[in-house]
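The values are calculated or read from the model by the stated rules, or taken from the named source; none is laboratory data. Just so it is clear, the model here is predicted, and its values are computed rather than measured. Here Cβ is always computed from backbone atoms with ideal geometry, including for glycine, and neighbour counts include all displayed protein chains.
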């Protein structure tokens, strides 16, 4: 199976390494030629923290190229895993995708937040665009090294459409063979909004308070604000006709416990002085509220606070 992975960050390296380990024909596209050259020379090092589980994918088992080299394969269809953050999904990158994608390709999107699927659908007519949600924990250690910080699951599907094809089953089998849990889902829209609710509580608050995920549970004051943000999101979802949100509070707490030592991607971005995904997470909640006549003052405040942390 031919797999194209766009993005040499934590998730890009993680999924490229496991796909190559399982025997996929992997092409990894990076932002810089320097990173691609190093990967081509040294391979991908994947550290797991588990005894006898770390490994290196040798350079001959995959190809690495700068994103400018993204091109249409001559014949074989492929899965393209878009593993960049939504803030990096620029018009230039979409133009590169449009130029290098072909009929028969399938695009699997690993972005947080909302809004990107509609944008990609409109930009890539005729190309199946899938949403993918993952709880795999990963942290990039260097241009060629990634730490698999926590085992999770990955679900993917197409909002508003049922998927029952062999292509989806084959993709899931490839990653299952390598040891990653992946499955197709016909409930992906519910999963998208559930993850948005969790991210819109956890990510901005960890970034503002400079704490790992478990640090949100350290005091009653923090829990109280978390609950206030969550209840606001549940009201917005009710106005939008999104069912089930009332039961997701325990999942927010469960994520904080299960990933207690993890630093959210938003905290990592703030710490490094980078742009964050807040406009598509807290901002996504605010946009949903605007569309359906609801109020989201707490989410708006968190968005402004996070945006204001970047000089």
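In the stretch 117-136 there is at least one residue that is crowded, with 20+ Cβ neighbours inside 10 Å, modelled with pLDDT under 90 and not assigned by TED's automatic domain parsing to the domain that holds residue 287.
Does residue 269 satisfy being crowded, with 17+ Cβ neighbours inside 10 Å and either at pLDDT below 95 or in the same structural domain as residue 115 (by TED's automatic domain parsing) (or both)?
Details: crowded, with 17+ Cβ neighbours inside 10 Å: yes; either at pLDDT below 95 or in the same structural domain as residue 115 (by TED's automatic domain parsing) (or both): yes.
Spelling it out, residue 269 is indeed crowded, with 17+ Cβ neighbours inside 10 Å and either at pLDDT below 95 or in the same structural domain as residue 115 (by TED's automatic domain parsing) (or both).
Residue check: residue 311 meets all listed conditions (1) outside any helix (DSSP H, G or I); (2) at pLDDT below 95; (3) within 20 Å of residue 113 (Cα to Cα); (4) more than 22 Å from the chain's Cα centre (by Cα) but one, namely (3). What are the residues in the stretch 43-77 that are at pLDDT 90 or above and at positive phi, if any? 43 - this is the single residue of the stretch 43-77 that is at pLDDT 90 or above and at positive phi. Check off (1) assigned to a loop (DSSP other than H, G, I, E, B); (2) touching a helix residue (DSSP H, G or I) at 6+ places or on another chain (Cβ under 6 Å) for residue 139 and give me the number that stays unchecked. Going through (1) assigned to a loop (DSSP other than H, G, I, E, B); (2) touching a helix residue (DSSP H, G or I) at 6+ places or on another chain (Cβ under 6 Å) one by one, residue 139 breaks only (1).
Report whether or not residue 222 is touching a helix residue (DSSP H, G or I) at 6+ places or on another chain (Cβ under 9 Å), surrounded by 14 or more Cβ atoms within 10 Å (Cβ to Cβ) and assigned to a loop (DSSP other than H, G, I, E, B). Against the criterion (touching a helix residue (DSSP H, G or I) at 6+ places or on another chain (Cβ under 9 Å), surrounded by 14 or more Cβ atoms within 10 Å (Cβ to Cβ) and assigned to a loop (DSSP other than H, G, I, E, B)), residue 222 does not qualify. Residue-level check: of (1) in contact with a strand residue (DSSP E or B) (Cβ under 9 Å, 6 or more places away or on another chain); (2) in a helix (DSSP H, G or I), residue 149 misses just (2). Residue 263 falls short on exactly one of the conditions (1) surrounded by fewer than 18 Cβ atoms within 10 Å (Cβ to Cβ); (2) out of contact with any helix residue (DSSP H, G or I) (no Cβ under 6 Å at 6 or more places or on another chain); (3) outside any helix (DSSP H, G or I), and that condition is (1). On inspection, residue 236 fails the criterion of being in a loop (DSSP other than H, G, I, E, B) and modelled with pLDDT of 95 or more. Picking from 200, 207, 172, which residue would you name as being in a helix (DSSP H, G or I), in the same structural domain as residue 57 (by TED's automatic domain parsing) and surrounded by 14 or more Cβ atoms within 10 Å (Cβ to Cβ)? Result: 172 is the single residue among 200, 207, 172 that is in a helix (DSSP H, G or I), in the same structural domain as residue 57 (by TED's automatic domain parsing) and surrounded by 14 or more Cβ atoms within 10 Å (Cβ to Cβ). Taking (1) in contact with a strand residue (DSSP E or B) (Cβ under 8 Å, 6 or more places away or on another chain); (2) surrounded by fewer than 23 Cβ atoms within 10 Å (Cβ to Cβ); (3) free of Cβ contacts under 8 Å to residues at least 60 places away in the same chain in turn, residue 26 satisfies each apart from (2).
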